[in-house]
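Right, one structure below, let's go through it.
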Ligand code: APR
């Protein structure tokens, strides 16, 4: 007896993908999981470092109490990330940038793997582990330009203390990032939500804004999330295996004309 397997990518979604002009993609830690980046949640457990849960060590409270330990945590994570490469999920998303008239990539990730895969216009809602920011003057600097000895790095401009340019728990997002993402979500026809547990706001409201704007919302995740019921299509599986399946001749021809 032949077992009929439902194609993972429906004909309807292929057609929408081939004909869409305005597309938004929201990604979370799951898109980097196949590159070896540990996720925060999912799989029933959450990250801990030196006995401290990640949402404690990555918090405004810890920053105020112990800046050196916060640098130690991000230096450790940067050390892990420095050895990792983008995966086919990142690469597929990077290839989409040229295929659509308006394409907006919004990420919660601070790992820079989208850019390493070739994505250019990335809205980093939660900042970047590769940058530092001055408490005093707000100047931003690439971490690669900093020397880490025993003390906390200082600002080249004003001598103030530098901190990781990452949005910590209890902190507001950088002005403009969310607004830009929300504006694109409100206008898009197709919104992909890839590798996020959809529990952290305001990022998790992006697909809701897209849905309210009439967009088709597609989730890619091996697990169900609080967002799954809101989605038009739920593609259950790994981003690196599913996203490369979404390459349609039609959309490639459109990009070249
Ligand atoms: N492909 C797609 N999704 C995956 C994969 C994969 N290969 N592996 C795991 N996932 C899914 C998990 O099932 C989970 O739903 O990715 C999700 C990861 O969820 P979180 O770890 O909660 O990450 P994220 O949603 O990005 O967290 C949001 O919280 O910790 C803060 O600031 C941090 O940006 C982060 C925010």
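Each value in this text was obtained by applying a stated rule to the coordinates, not by laboratory testing. Bear in mind the structure is a predicted one, so any value in this text is a computation, not a measurement. Methodologically, a virtual Cβ is constructed for each residue, glycine included, from the backbone with ideal geometry; neighbour enumeration extends over all protein chains shown.
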- Message: Against the conditions (1) touching a residue at least 40 places away in the same chain (Cβ under 8 Å); (2) under 21 Å from residue 57 (Cβ atoms); (3) away from the ligand (no atom under 16 Å from the Cβ), where does residue 127 fall short? Just the number, please.
- Response: (3)
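One line per residue, one yes/no per condition, for (1) within 13 Å of the ligand (Cβ to nearest atom); (2) touching a strand residue (DSSP E or B) at 6+ places or on another chain (Cβ under 7 Å):
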residue	(1), (2)
160	no, yes
168	yes, yes
207	yes, yes
214	no, no
235	yes, yes
- Test: residue 151 is in a loop (DSSP other than H, G, I, E, B) and surrounded by 15 or more Cβ atoms within 10 Å (Cβ to Cβ): no
- Residues being surrounded by 18 or more Cβ atoms within 10 Å (Cβ to Cβ) and within 19 Å of the chain's Cα centre (by Cα) - total across the stretch 154-172: 5
- Message: Suppose we keep only residues that are surrounded by fewer than 17 Cβ atoms within 10 Å (Cβ to Cβ) and touching a residue at least 12 places away in the same chain (Cβ under 8 Å) within the stretch 68-82. Which one would you say is nearest to residue 30 (Cα to Cα)?
- Response: 80
- Query: Scanning for something within 14 Å of the ligand (Cβ to nearest atom), in a strand (DSSP E or B) and more than 17 Å from the chain's Cα centre (by Cα), does the stretch 56-69 turn up at least one residue?
  - Reply: yes
